[in-house]
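The values are calculated or read from the model by the stated rules, or taken from the named source; none is laboratory data. Note that this is a predicted model, so its numbers are computed, not measured. Virtual Cβ from ideal backbone geometry, glycine too; neighbours counted across all protein chains shown. In case anyone asks, the SASA skips ligands and DNA or RNA and just uses the protein heavy atoms, side chains included. Shrake-Rupley method; radii C 1.70, N 1.55, O 1.52, S 1.80 Å.
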Amino acid sequence: MLRAVLRTDGPAASAVAESLAPESGRELPRTRASVSYDGNATAVSIEADDASAMRAALNSFLECVIVVQSVEHIAKVRQ
């Protein structure tokens, strides 16, 4: 079993947690994920049965994190 943790902190951490929580509940083949937020940072914990499943899960979650952080940045700039 492979394990990885994606951690993000800063002003977008709560938005990342809220956005990714529903995604962590989705059924991904050979993969399990959970999202936690401690008030300062968000951690996405991923377990996968093999390297291919881990790569797919990491790509998916990293893309979501990047989108959320980009939207947070755009919203902040326009205020």
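FRET efficiency for VAL67 and ALA41, Cβ-Cβ distance as r, R0 = 25 Å, nearest 0.05? Computed FRET efficiency for VAL67 and ALA41 comes out at 0.85. Shown for the chain: the carbon plus sulfur share of the solvent-accessible area, taken with all protein chains present and a 1.4 angstrom probe, equals 53%. For the stretch 31-79, applying the loop criterion from DSSP together with a ceiling of 10 other beta carbons within 10 Å to the trypsin sites (Lys or Arg not before Pro) yields ARG78. A compact globular protein would have a Cα radius of gyration near 2.2 N^0.38 Å; the ratio found for the chain is 1.12. For the chain, the solvent-accessible area works out to 65 Å² per residue, with a probe of 1.4 Å and every protein chain left in place. Given a cut-off of under 8 Å on Cα pairs at least six residues apart, what relative contact order in percent is computed for the chain? With pairs under 8 Å counted, the relative contact order is 36 percent. Length available on full extension from SER34 to ASN59: 0.36 nm per residue minus the Cα-Cα distance, which gives 7.5 nm.
Electrostatic tally near VAL68: other residues with Cβ closer than 11 Å to its Cβ, Lys and Arg +1, Asp and Glu -1, net -4.
How far, in degrees from 0 to 90, does helix 51-77 lean away from the longest principal axis of the Cα atoms of the chain, to the nearest 10? Value to nearest ten degrees: 10.
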